[in-house]
């Protein structure tokens, strides 16, 4: 009877605690872990990273230190993790920008240059914004002007990034051509739109509310099949008669390929617990994003499908007007 009771008690140990015990036996983690963000502070990736780190470090058992390594559309940061030999002490948090960098030859590797970890949040609200002073008030207005003035409508983006591919997809499917103007980051693109030096930018919904309320910006819609859970009041392009969608940002943990599989699985369990935590879900919602969880296996399949779609657009990645 005692043996049976002991066995049942052992089986009742939560998976997270069992996993923690396995990790401790393997000696991981024994020191603080760097969470590398390949984008600027206050950007969407940085906001997700800081929020996730606060909740994850309580479960992983060591401090998570945010390290921002910017430049080259995210390539500098991803390379730092790809070349790291610490086997789990430098973790990358990014999204499908890895695929965009690869297809535009900014990086010699894609998502499969890493061990793919779990998704910890997503954002499907990469909408198109125009100035409130513009005569453009809808996605149909934008497309009509782009067709009437091929190559004249200035679209601010950054070569080799994910939202650059969104413009390429819109061009290809809607038979229009924009003048691509390279302006890195929201910190550059928002003032450019406010100042009238560009006609349209692509940006997630978070951080635009004040511009929309003041009338400085007009949001033309969202590229989702159904309305995004973090912006349910914003109509999709499909609702406006334009058959255009684009995959959401999948904020994902990536690991150097030499990282042990059990370390990746430990992080998958940590991510599962964090994304189930009501406090984390509330904080992510407050950022204007949505909580999502995909296992490393599910996530790898999602990235493969997205890369297939984006590869068909890569030939359209023409040079930019520089400013």
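Read the figures in this text as sums done on the coordinates, not as results from a lab. Owing to the predicted nature of the structure, the values given are computational and were not obtained by experimental measurement. Positions of Cβ are generated from backbone atoms using ideal geometry, with glycine treated the same way; all protein chains shown enter the neighbour counts.
How much space per residue, in cubic angstrom, does the convex hull of the C-alpha atoms of the chain take up?
Convex hull of Cα atoms, per residue: 135 Å³.
What FRET efficiency, computed as 1/(1 + (r/R0)^6) with R0 = 45 Å and r the Cβ-Cβ distance, is obtained for residue 86 and residue 148, rounded to the nearest 0.05?
Given R0 = 45 Å and the Cβ-Cβ separation, E is 0.25.
Find the relative contact order for the chain and round it to a whole percent, using C-alpha pairs within less than 8 Å whose residues are 6+ positions apart.
Relative contact order, the chain: 26 percent.
Springs between alpha-carbon pairs under 10 angstrom, Gaussian network model over the chain: which of 285, 268, 155 fluctuates most?
Its mean-square fluctuation being the largest, the pick is 285.
If I fit a long axis through the Cα atoms of helix 296-311 and take the longest principal axis of the Cα atoms of the chain, what angle between them do I get, 0 to 90°, rounded to 10?
The two axes meet at around 20 degrees.
I want to verify a result. In a Gaussian network model of the chain, Cα cutoff 10 Å, which of these has the top mean-square fluctuation: 186, 141, 46?
Largest GNM mean-square fluctuation: 141.
For segment 117-201, just the Cα set please: Rg and Dmax, both in angstrom.
13.3, 45
Round to the nearest 10 and give me the degree value, 0 to 90, for the angle of helix 44-60's Cα axis relative to the longest principal axis of the chain.
In the chain, helix 44-60 runs at an angle near 10 degrees to the longest axis.
Between segment 85-133 and segment 257-284, how far is it from one alpha carbon centroid to the other, in angstrom?
Segment 85-133 and segment 257-284 have Cα centres separated by 17 Å.
Determine, for 68, 147, the number of other Cβ atoms within 10 Å of each Cβ, and report the residues in order from fewest to most.
147, 68
Counting only C-alpha contacts under 8 Å and six or more residues apart, can you give the relative contact order of segment 237-323 as a whole percent?
16
Evaluate the relative contact order of segment 127-245 (contact order divided by residue number), counting alpha-carbon pairs under 8 angstrom at least 6 apart; express in whole percent.
35 percent.
Highest GNM mean-square fluctuation, the chain, Cα pairs closer than 10 Å: which of 269, 57, 209?
Sorting by GNM fluctuation, first place goes to 209.
Where does helix 139-148 land angle-wise versus the long Cα axis of the chain, in degrees 0 to 90, nearest 10?
Between the helix axis and the principal axis of the chain, the angle is about 50 degrees.
Test of understanding: ordering 265, 312 by Cβ neighbours within 10 Å, fewest first, what list do you get?
Taking fewest neighbouring Cβ atoms as first place, the list is 312, 265.
What FRET efficiency would be calculated for the residue pair residue 62, residue 297, taking the C-beta separation as r and a Förster radius of 25 Å, to the nearest 0.05?
Efficiency, from the Cβ-Cβ distance: 0.45.
Can you classify segment 211-315 as rounded, prolate or oblate using the Cα gyration tensor, where a ≥ b ≥ c are the square roots of its eigenvalues, rounded means a/c under 1.5, and otherwise it's prolate if a/b beats b/c and oblate if not?
oblate
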